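Everything below concerns the one structure shown next.
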Amino acid sequence: MSIAPLPANEVARLQSLHDLRVLDTGPEAQFDALVKVASLVCGVPISLISLIDAERQWFKANIGLPGTSETPRDLAFCAHAILEDTIFEVSDAALDPRFSDNPLVTAYPDIRFYAGAPVRLSNGECVGTLCVIDRQPRRLDAQQRDILTQLACAAARALEGRRALAAERHLLDAQAHVNSLLRESKARFRALSDASPLGVFAADAHGHCTYANARWQTIFGLTGAQSLGPWWMEAVVAQDRVAVQEALRRTAASGVEFDQEFRVPQADGAMCYVHARACPILGPDNAVSSVVGAVIDVTQRKISELALEAARERELAIGYSVQQSLLMADVPSELNGAWITAYTEPSQGLHGDFIAVSQISSTRFSLLIGDVMGKGVHAAMIGAGVKNAYYQVLAELTAQTLASQVLPSAGGIINALHARMTPKLIEMNSFVTLALYAFDIEAGTLTVVNAGHTPALLARAGSGAVEMIQGSNLPIGVLASEIYTQHVVQIAVNDQLVIYSDGISEVRNTAGEEFGEARISAWLADVGAADVPQAAALNTLRQALADFGGPQRMADDQTVLMVRLRPHHLPVRETPAAGHNPDYLTLPMRLGALPALRARLAQVTAQWPRVQADELILATYEAATNTIRHTPTSLPEAYLACRFTTDQDSLCVEFFYPGAPVVLDETCGPDFSGASESGFGLYIMREFLDQIEYGVPVEGMVSVRLRKRLTPPVQA
């Protein structure tokens, strides 16, 4: 193994690296984005921003080596790369005498191919590389080398921008110290405060006021005597008082600046909003002896901010409603040949994700999922434009092929969409990851075109095995010369396909670990083996994501689609009374949604004797009501999934929902007085149903099975 020699400028190079103050810092989105693009452009599983310290290489950004933050410098390919002016490339490390016995080649991570572009600062010092790694031998083409070089330049600029921001913060800290020294002059402080339009005050370390100028007294509605001591706190509205007291305690204990907004009721009943700032003064023992500061009446500003925020919330709510109607709501729950369930939630009020579903023929349909770079309003607008362009392209290509009765291919559709949208996206400095899934149920094929989107997962009905379906093309909007290819996967009835955005797989816990594809795959295997409705399965995925991510704010838009294949010759909705095939209904866990359950039951039991039908409907409605009332859930808009199946002489209604089983006292009798809820619903269920069973199909999911027999039996 060959150890790279030290550069001639090693001392200066290390000083430049340490001056960046970046070593051992946490992940940052701008650096993560660079390695993600490098991985996509070069088609490799591993990409790193590696900074070469005295005895180690440390990774500022890492795609493909989870859990690894650094390696010894003696083993580092990047230690060789920083000696070069251009990209350092090793096409097959196993055949290269410099690296063939390197532990990084002979063991994990099994490096075979390496290419590193120097990350060179504006002073000429090379502090590291932006590198790509593969476990297979390969070579970069000229375009990939050029893009990798540009990405390394972008990494250098980002590192220097980060250093400039740190210097600015240091300057601000120095300025704050100067201001603190100025405030130590008591005489000057009093002279300035008397002439100030601000409310100026001083307090001791316990928060007891020792001085307040006339403007301060006016704001708080207190006399000079009332202002002194601890009594001024009584003028603060009760709901804000604890926060103000706690902020003062922090200032006294740690010397941090007091900076607080709170409310002060006025004599005329109006509410005054106050912004107070104060700096601690240190005594001879370096402990906080007092604080001096000022308050300003910010009522008009606050009223304007609240009105603006309310208007913004209204606009976002309207935008979200419109977006859900136009971008998301056209996802049907049933198609000829499949059941489809979708869950989608934006991270910033509006979605950068979008979905399009098209029924091409009686046995063919397609699903398009897209994810726009970025979040919020601009991403939502770009998503709407791309989806509209997709429908236009689909219509135009279909019209062109009508005469030949040959439908346009998935690859042809995406290439046409790429030709139409990529110049515009490049102009807007944006890109969109897409994946098109074209189903032919009769032929048993799924044709896939993946444009930089996350892979899909396919759970096989027979074996339960979960396969990953991924592609190698770049996102739309990255490279005008990209040609998008398609590949075909065999599918069968009851196979389940899960399509998701990276907002699902990239949910991070407090330790920075990603939820990842392995957890999604394990979840799919579990719910597939349990044979539960897709809406109920999505409940458990959402709960797993919420538990994993904890209290952190959602970082990216989240979208999941589940597709379960069904015999294409069946009607779109199979009435259970006509046979053994199940019928599904998905409702939100709200009492107001239950009329839809009553309507479906009336449809299902239309051929039943009326008395028996009414008994079943009433008992099922009571069971659903008990479930919703007595099952707490932290999921917004959690699903209550219903399944209806029949045999020769009975109908089975099943509920699937998140949480723990409902435990009710079935020994108590009905309360006909109306004084309590207990007993009456259970009495109806026991009287009118032949079987009631509770179960836990998978962890975090509960099922309730209700069965009613018919006399005489339903005729086949």
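What follows is calculated from the coordinates using simple rules that are stated; it is not laboratory data. All values reported here derive from a predicted model rather than from experimental measurement. Because the Cβ atoms are built from the backbone with ideal geometry, glycine has one as well, and the counts that use them run over all protein chains shown.
Details
- Judged by the gyration tensor of its Cα atoms, with axes a ≥ b ≥ c, the stretch 329-572 is oblate; a/c meets the 1.5 cut and b/c is at least as large as a/b.
- Per-residue 3J(HN,Hα) values for the stretch 290-302, derived from phi via the Karplus relation 6.51 cos²θ - 1.76 cosθ + 1.60 with θ = phi - 60°, read 6, 9, 10, x, 9, 10, 9, 6, 10, 4, 5, 4, 5 Hz in sequence order (x marks Gly and Pro).
- Residue-wise HN-Hα couplings along the stretch 130-141, as the Karplus relation 6.51 cos²θ - 1.76 cosθ + 1.60 with θ = phi - 60° gives them from phi, are 9, 10, 10, 9, 9, 9, 10, x, 5, 9, 7, 8 Hz; Gly and Pro carry x.
- Amide H partners (placed H, <5 Å) of residue 57, local residues excluded: 71, 73
- Dipole-positive endmost among 606, 711, 199 within the chain (Cβ charges, Cα centre): 199
- A Cβ-based charge dipole, computed about the Cα centre of the chain with Lys and Arg at +1 and Asp and Glu at -1, lands at about 1080 debye.
- Exposure proxy ranking, count of Cβ atoms within 10 Å, fewest first, for 365, 88: 88, 365
- Secondary-structure-derived ellipticity at 222 nm for the chain, considering helices only, amounts to -11500 deg cm²/dmol, per-run term -39500 (n - 2.57) for DSSP H runs with n ≥ 4.
- Ranked 80, 18, criterion: other C-beta atoms within 10 Å, fewest first: 18, 80
- Taking amide hydrogens as placed 1.01 Å from N in the peptide plane, the amide H of residue 486 sits under 5 Å from that of no residue at least 5 positions away in sequence or on another chain.
- For the chain, the square roots of the Cα gyration tensor eigenvalues, ordered a ≥ b ≥ c, give a/c of at least 1.5 with a/b no greater than b/c, which places it in the oblate category.
- Pairwise centroid distance, computed over Cα atoms, of the stretch 1-77 with the stretch 608-629, Å: 64
- Per residue, the average separation of C-alpha pairs within less than 8 Å and at least 6 apart gives the stretch 329-572 a relative contact order of 26 percent.
- Average Cα contact separation per residue, the chain, under 8 Å, 6 or more apart, as relative contact order %: 7
- Rounded Å value of the spacing that divides the Cα centres of the stretch 462-533 and the stretch 228-273: 52
- Applying both filters, DSSP loop and at most 16 other Cβ atoms within 10 Å, to the GluC sites (Glu not before Pro) of the stretch 1-97 gives 28, 55, 84.
- Backbone phi angles across the stretch 630-637, fed through the Karplus curve with coefficients 6.51, -1.76 and 1.60 (θ = phi - 60°), yield HN-Hα couplings of 10, 10, x, 9, 8, 7, x, 6 Hz in residue order; Gly and Pro are listed as x.
- Annotation: amide H-H contacts under 5 Å for residue 493 (H modelled 1.01 Å from N, sequence separation of 5 or more, or interchain): none.
- Cβ-defined net charge surrounding residue 514, 14 Å radius [Lys, Arg +1; Asp, Glu -1]: -3
- Taking other residues whose beta carbon is less than 13 angstrom from the beta carbon of residue 492, and scoring Lys, Arg as +1 and Asp, Glu as -1, yields -1.
- Panel note: the C-alpha atoms of the stretch 340-475, placed on their principal axes, show extents of 41, 41, 25 Å (largest first).
- Exposure proxy ranking, count of Cβ atoms within 10 Å, fewest first, for 698, 493: 493, 698
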